[in-house]
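The values are calculated or read from the model by the stated rules, or taken from the named source; none is laboratory data. These numbers come from a predicted model, not from an experiment. Reconstructed Cβ throughout: ideal geometry from the backbone, glycine too, with neighbour counts over all protein chains shown.
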Amino acid sequence: MSKAQSKAATSPAPSVRDMANAIRALAMDAVQAANSGHPGMPMGMADVATVLFTEALKFDSAAPSWANRDRFVLSAGHGSMLLYALLHLTGYPGMTIEELKNFRQFGSKTAGHPEYGHAPGIETTTGPLGQGIANAVGIALSERLLAARVGSDLIDYHTYVIAGDGCLMEGISQEAISLAGHLKLGKLIVLWDDNSISIDGATSLSVSDNELERFAASGWNTARVDGHDPAAIAAAIKAAKGDSSRPWLIACKTVIGYGAPNKAGKSSAHGEPLGADEIKATRERLDWPYQPFDVPDQILSAWRAVARPFTVSRPFAPVRIAPSRSASVRSAFVKSALVKSARDRSLPASIVPARPNAPWHREMAASNSPSTKSSADRSHASARRRQATPWRLRAAASAC
Ligand SMILES: Cc1ncc(C[n+]2csc(CCOP(=O)(O)OP(=O)(O)O)c2C)c(N)n1
Ligand SMILES: [Mg+2]
């Protein structure tokens, strides 16, 4: 029996560290196969991203365009393999292992930096440092505006950002941070990859800002956390979600290239393949005896379980609704969101409109039922139960 087989056979249920190591391995393998890319950031932020996706993010990979999903923006777009690994592991449509093997190849979904529209789950194009933070401020502002129009029972999402040192160095970040603080966009949470390393060496070569004080001066809440301590990361995110009075910066102290014995903590992990010898040594250091691009079934299953339909997988706290100012705006939103989801064949079974005679609903039910098990019959039953609130969506009446 090989080492990989015996480890797979004897391992208990996967830990956060096992799940994060899947990201690390996919990132270093993909960059190695492409002979270009940035392994260090995904390896450093793998623990933070794993906690975020497994414990906080409200999403359903089977319904990537669900209007009330939490948004995840990878501002540090050079670490694109972090996003692609997450989308693959959580089962987003089209993000196959082949796409990861084709990282950075012409025509693949896995461009060097994430491109909006290349694959479901890529919320916005990133790469120019700082731009993702600015886009995320816009996304968070959209949430507030839309919720005010259609009601916070339908729209009540958080926007999470992973940003690097370089994002915070860019001038655009200050304009965006200033606006977010001014508007008190409390559902915006930035996780800063505080690894003290950038492209050419230590960040101390070029910057000595106190970032926590800078954000605090712009009206943000701030926290510091060990970015390799899952419990601490989870607690910090939970605290941030529990206080929506201001936006949040969580400085996550990490080691770039975590797990690589000779390159961790160095700028040599930033933007080039680790190399065959270092990858072999990293596999040993991380106790990851599997072949390149091989994620054992047990770990892949644990990841796929994270992406269960949001209605059953998340302990949502019920939210009581401010009545919409305009019933017609609300109705139009519900209609367009549902029809879009139906056309994508991505409507979760749990979202059942309670107005079965509307033509758009018939279209939705007809095109959607095989993949989601939603049906006109269930919707009729739902309508009978909920006549007093005809536009209500069961699933959306709750929030994380
Ligand atoms: C506006 C802009 N300038 C320059 C670059 C080139 N660039 C890509 S990554 C990087 C360094 C980023 O450092 P950091 O955010 O600390 O990333 P880490 O080394 O920690 O992965 C630079 C300068 C860019 N992508 N965007
Ligand atoms: Mg850095």
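Table for the structure above
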quantity	calculated
Neighbours by Cβ (under 6 Å, 6+ apart or cross-chain): first from region 197-212, buried (at least 18 other Cβ atoms within 10 Å of the Cβ); second part of a loop (DSSP other than H, G, I, E, B)	197/256; 203/196
Scan of region 142-164 for residues that are under 18 Å from the mean Cα position of the chain (by Cα), part of a helix (DSSP H, G or I) and buried (at least 20 other Cβ atoms within 10 Å of the Cβ), ordered by number	143
Residue match in region 240-261 (condition: surrounded by fewer than 15 Cβ atoms within 10 Å (Cβ to Cβ) and either outside the structural domain of residue 278 (by TED's automatic domain parsing) or within 16 Å of ligand 1 (Cβ to nearest atom) (or both))	no
Selection count where residues are within 12 Å of ligand 1 (Cβ to nearest atom) and either charged (D, E, K, R) or buried (at least 21 other Cβ atoms within 10 Å of the Cβ) (or both), scope region 115-131	3
Subset tally (residues that are closer than 16 Å to residue 305 by Cα and surrounded by fewer than 24 Cβ atoms within 10 Å (Cβ to Cβ)) for region 18-52	2
Residue within region 114-123 that is of a type in the set (Ser, Thr, Tyr), within 15 Å of the chain's Cα centre (by Cα) and away from ligand 2 (no atom under 16 Å from the Cβ) present	yes
Residue match in region 74-89 (condition: surrounded by fewer than 24 Cβ atoms within 10 Å (Cβ to Cβ), assigned by TED's automatic domain parsing to the domain that holds residue 181 and more than 16 Å from ligand 1 (Cβ to nearest atom))	no
Which listed residue is in the same structural domain as residue 248 (by TED's automatic domain parsing), free of Cβ contacts under 8 Å to residues at least 40 places away in the same chain, away from ligand 1 (no atom under 14 Å from the Cβ) and not aliphatic (A, V, I, L, M), from 181, 138, 151	138
Complete set of residues in region 184-199 that are within 14 Å of ligand 1 (Cβ to nearest atom) and touching a Phe, Trp or Tyr at 6+ places or on another chain (Cβ under 8 Å)	190, 191
Single residue of region 43-62 satisfying the filter (of a type in the set (D, E, K, R) and in contact with a strand residue (DSSP E or B) (Cβ under 9 Å, 6 or more places away or on another chain)) that is modelled with the lowest pLDDT	58
